[in-house]
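Take a look at the structure set out below.
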Amino acid sequence: MQSEATEVLPGRDSSHLAGRVHNITATIEGTSSTGRLLLVAHTDSVPTGPGASDDGLGVASLLEIARVLTEGPRPRNDVVLLLTDMEETGQLGARAHLRSLGAAARQPHVVVNLEARGTSGRAVMFETGAHSAALADALADIPPVATSLSDEIYRLLPHDTDLTPLRAAGMTGLNFAVIGGSARYHGPGDDAAHLDPGSLQDLGDTALSAVRALAAADLRDVTEAPEATWFNVGPLLVRYPAGMVLPLALLAPTALAAASWYAHRRRALRARAAVRSALTFPLTLAAAAALGWAAWQGLLLLRPDYALFHLGDPYRTGPAVTGLLLLTATVTALWAVWTARRARGSVTEAAVGVLVWPALLAVPVAVLLPGAAYVFTWTALGGAAGLLLAVRAPQDSPWRAAALALGGLPGVAVTAPLVALLFPALGLASAAAPLVLAALVLAVPALPAALPLRTAPRRRVVAAGVAVAVTGTALVGANALTGRADAEHPRPVSLMYALDADRDRAYWVSEDADAHPWVTAHTGASRTDTLEAWSPALAAPPGGLLAGEAPVAPVSRPQVTTVSDTRSGATRTVRLSVRAANGTPVLLALYVDTSATEVVGARLHGAPAGTQDLPGGENRPHAGSPWKWGLLLAAPSPRGHEVTLTVRGGKPLRVLAMTQDAGLPERALTRPRPEDLTWVPDAAGLSFASRVHTV
């Protein structure tokens, strides 16, 4: 079934949003359904991106899963296939689906949402809804990359997918995505030629496995299950109830304290040495974080264009990541050697000094972010077990070092997949986070490895450390020096076109701080922060916008006409017709000058009952122009829209209408965009036109 509807999303600190939504739904009826399993992907993309990964990956996977389900035995539960529209625009398609459910909304609903934020890499299950225990169990047969830590962190971030409104409506579910290769995210490079077929296969395999498990489950039990913790260890997905998180976290410092007491009884632990290690080890973590920060700053000096990539994640990151891990390992190893020298041949005190930090962090993290506590809990528990085994061996026995190293393996096992996930998830700009985790778990195994070096000449140890550090630094530098822009790895740039229809003047505009010569050939070198006064979409970043005169080109232009204007005391009610006079814009916007007019409320005619009325006031309070009330109409009707404004104020009502087109007027360009350039997401390849209407 294909449905068309207008969906409205009132804004609080942003413009109100409305759009014409076209969703497609189909149902595979179950044999004895206990609820609905909702398989979701979105069919829209951003104006400048073909959307092969975001969300062609999801759509293709959904269709293939549907084929498999319909060719095999019927599932137990109803499986609803939902292809949403306008996920990129406020998730309006998912919101429209919720509104269409009616009485069916009372049934148990479990969602499997298929997304992408990149073009390559393994499928990542990065978010669940409530009652996650049964959801995590559904991943067991073919586990994706998954950690309950990402679930905890994602909820704190201002990011939304179609699962966001579905969760808010009381549904639970799984959110899958491919996140590698994010340099092409939301850009012209998100095409089929750059899509990794292996990622498509992996997303389909993991999602199909989860769908099969949930399609056969009692969804009433799924939606009432407790919470859980889960994480990858090799090919397995470890999971246990959330009720075990705090007891295990409390056990971590208890076990370490018991192991330390036992070591002290066996004269293998001196309290002063352990305290010294505990106080100095954070310097290693700080150094790892500093390396991540310094490396990013250095990369920006060599390649300022790295800042233009999503999260600072350019096309090639392998050499930089390898170099940063080498540098972190060097810092950790040098600290371990220094500690081994001070320990007079025993590193049990140093191990305790390292382990005290994850042991202390386990409990507060278990309370505040339960899904993340496992990293510290198992690192501390494994280390405590290794310490107990180590102190039972004689002082000079090689088994003591082996036991300590063995005790560090649980921390490595649970953290290594997380470090591997965080680099593409956070990008080089935030490399400090995975480097700190790497230093934390490498320290305990590094201590016994450092024992043979405690008697080596200091110069040789330092020379070896310097050699490895130089190699790491060279790899980081090589990442910048060898990854120059070309047709296959184009540099992102910002260039937009803006038409002031009242004055019939046009401008080339760019947000780039370090603009490419092709950009400045259009914009010139002058910067301004005044364009927002007549084009609200062009708010200036720090330093201003590059702007230069452009030819007036045939882009879509807004048109506003007054349908009616009535007064009742101090209140005025004005009905306006807003449309594009020509062209097919992707967005039509209406703004009100609130400097002398108070917007009491508004009504969008043609919207579904109960959603027509919109709040007044200032929903754009931080705008740098007087246009502080706004309404955005996505995929506007060619016939236009009618909006009634109820206002107060003795001065004339000033409204500004704006259109947004996908693409630039090619004939106005001095020359086409070179092959080694691409559009930066959300601030390039767009054309705006605006006009003020006074009533």
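Since every read-out is calculated from the coordinates, none of them should be taken as a lab result. On a predicted model such as this, the values are computed, not experimentally measured, just so you know. Please note: Cβ atoms are built from the backbone with ideal geometry, for glycine as well, and neighbour counts cover all protein chains shown.
Observations, loosely collected:
- Cα pair count fraction exceeding 14 Å, expressed as % - the stretch 599-672: 72
- In Hz, Karplus ³J(HN,Hα) per residue of the stretch 665-682 (6.51, -1.76, 1.60; θ = phi - 60°; x = Gly, Pro): x, 4, 5, 7, 5, 5, 7, x, 4, x, 5, 8, 10, 9, 8, 6, x, 6
- The mean of 1/r over all distinct Cα pairs in the stretch 20-226, once inverted, gives the Kirkwood hydrodynamic radius of 16.7 Å.
- Separation of alpha-carbon centers, the stretch 618-695 and the stretch 420-442, rounded to whole Å: 39
- Each Cα pair under 8 Å and six or more residues apart adds its separation to the average, and for the chain the resulting relative contact order is 14 percent.
- Equivalent ellipsoid semi-axes - Cα gyration tensor, the stretch 244-481, angstrom: 32, 22, 12
- Full-extension gain in nm, residue 637 to residue 662, via 0.36 nm per residue minus C-alpha separation: 7.4 nm
- Between residue 613 and residue 530, the modelled labels are 4.2 nm apart [label points 7 Å from Cα along Cα→Cβ].
- For the chain, diffusion coefficient by Stokes-Einstein and Kirkwood Rh (Cα), 25 °C, 0.890 mPa s, µm²/s: 87
- Residues residue 104 and residue 157, FRET efficiency given R0 of 22 Å [Cβ-Cβ distance, rounded to 0.05]: 0.10
- Angle between the chain longest axis and helix 398-426 axis [Cα atoms, degrees, rounded to 10]: 10
- Full extension of the chain between residue 459 and residue 262 gives 67.2 nm of extra length, using 0.36 nm per residue less the Cα-Cα distance.
- Computed from the C-beta positions of residue 603 and residue 67, the FRET efficiency with R₀ = 30 Å rounds to 0.10.
- Directionally averaged shadow of the stretch 118-181, computed from the convex hull of its alpha-carbon atoms, nm²: 4.5
- Site pair residue 216 and residue 294 shows an inter-label distance of 5.5 nm when each label is modelled 7 Å from Cα along Cα→Cβ.
- Ranked by how many other beta carbons lie within 10 Å on average, peptides 203-209, 114-120, 220-226 from highest: 114-120, 203-209, 220-226
- Rg to Rh quotient for the stretch 519-658, alpha carbon positions, Kirkwood Rh: 1.01
- Simple spin-label estimate for residue 595 and residue 675 gives 4.9 nm between the two label positions (7 Å along the Cα-to-Cβ direction from each Cα).
- Net lengthening on full extension, residue 244/residue 484 (0.36 nm per residue, minus Cα-Cα): 81.4 nm
- Bridge type composition, the chain - antiparallel percent by DSSP, nearest 5: 70
- Each Lys and Arg Cβ is given +1 and each Asp and Glu Cβ -1; about its Cα centre, the chain then shows a dipole of about 2760 debye.
- Relative packing of 682-695, 228-241, which averages over residues the other C-beta atoms within 10 Å, highest first: 682-695, 228-241
- For the stretch 1-160, the Cβ-based charge dipole about the Cα centre amounts to some 360 debye (Lys, Arg positive; Asp, Glu negative; other atoms uncharged).
- Calculated on the Cα set of the stretch 447-534, radius of gyration then Dmax: 25.8, 81 Å.
- Between the stretch 261-283 and the stretch 568-596, the alpha-carbon center distance in angstrom: 71
- The simple Förster model, with R0 at 35 Å and r as the Cβ-Cβ distance, assigns residue 279 and residue 236 a FRET efficiency of 0.40.
- In Hz, Karplus ³J(HN,Hα) per residue of the stretch 206-220 (6.51, -1.76, 1.60; θ = phi - 60°; x = Gly, Pro): 5, 5, 4, 4, 5, 4, 4, 5, 6, 5, 9, 8, 7, 5, 5
- Taking every alpha-carbon pair within the stretch 195-252, the share separated by more than 14 Å comes to 73 percent.
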